[in-house]
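Have a look at the structure below, then the notes.
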Amino acid sequence: DVKVTQSSRYLVKRTGEKVFLECVQDMDHENMFWYRQDPGLGLRLIYFSYDVKMKEKGDIPEGYSVSREKKERFSLILESASTNQTSMYLCASSFPGGDIGYTFGSGTRLTVV
Amino acid sequence: KQEVTQIPAALSVPEGENLVLNCSFTDSAIYNLQWFRQDPGKGLTSLLLIQSSQREQTSGRLNASLDKSSGRSTLYIAASQPGDSATYLCAVLWGAQKLVFGQGTRLTINP
């Protein structure tokens, strides 16, 4: 069964900490994405990547960075966590063009205290 | 601006009813449209994917239709069950390879 795996279901971090959220896919997808989901705001794209070492800003990149050193792994980094980054984070992957759709991970619920 | 809208935001129906969830989008030049299901606190599960050249897709009790000219898609759920209770999200892929999501419809099926 093909998968997008997010390393943590729940995380609690302190304000100012550097936080790493990891995502791994086993479908050989070129494209990978990070979204955050908040009540009333829906899903918003943070960053995406079309290939190894490639990255593009999404709609809300401020306060985040990403790393893609290998095709199967896409990391989201919160450089200095803040309480307004408390959210559900969702990783997704797809082939170029999205012809067979996107596959999402199970999400990471991050709480910054 | 490319936007996706889902109405209503919430829907509650008795078990056994057939129901329709609506999705509308601006800009008819889509690549495809995908319907997802999300259970509380969980990730997104893909239900159906409709390519721009298709009019509908079916999976079990689910049927999704696409009318690009009017900018609409519907998700039809037949013989609803309590296990169908979830939030249903519509997402559209335009040329930039980035999915744009609607706000979702929270569906409750009452036994």
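The values are calculated or read from the model by the stated rules, or taken from the named source; none is laboratory data. Because the structure is predicted, anything quoted here is derived from the model rather than measured. Glycine gets a Cβ as well: all are built from the backbone with ideal geometry, and neighbour counts include every protein chain shown.
Selection of strands (runs of 3 or more DSSP E) fully inside segment B:32-111 by the criterion of at least 1 residues being more than 14 Å from chain A (Cβ to nearest Cβ) and more than 26 Å from A:Thr5 (Cβ to Cβ) returns B:56-59, B:62-67, B:72-77, B:105-110. Out of all the residues in segment A:78-90, is one or more within 14 Å of chain B (Cβ to nearest Cβ) and farther than 24 Å from B:Asp39 by Cα? No, that holds for no residue. Is one or more of the residues making up segment A:93-102 touching a residue at least 24 places away in the same chain (Cβ under 8 Å), within 13 Å of chain B (Cβ to nearest Cβ), touching a Ser or Thr at 6+ places or on another chain (Cβ under 9 Å) and within 22 Å of B:Gly41 (Cα to Cα)? Scanning segment A:93-102, I find at least one residue that is touching a residue at least 24 places away in the same chain (Cβ under 8 Å), within 13 Å of chain B (Cβ to nearest Cβ), touching a Ser or Thr at 6+ places or on another chain (Cβ under 9 Å) and within 22 Å of B:Gly41 (Cα to Cα), so the answer is yes.
Regarding segment B:3-26, can at least one residue be identified that is more than 12 Å from the chain's Cα centre (by Cα), more than 18 Å from B:Thr87 (Cβ to Cβ), at pLDDT below 95 and surrounded by 17 or more Cβ atoms within 10 Å (Cβ to Cβ)? The answer is no; no qualifying residue exists.
Among the numbered conditions (1) at pLDDT 95 or above; (2) over 10 Å from the mean Cα position of the chain (by Cα), the only one that B:Val100 does not meet is (1).
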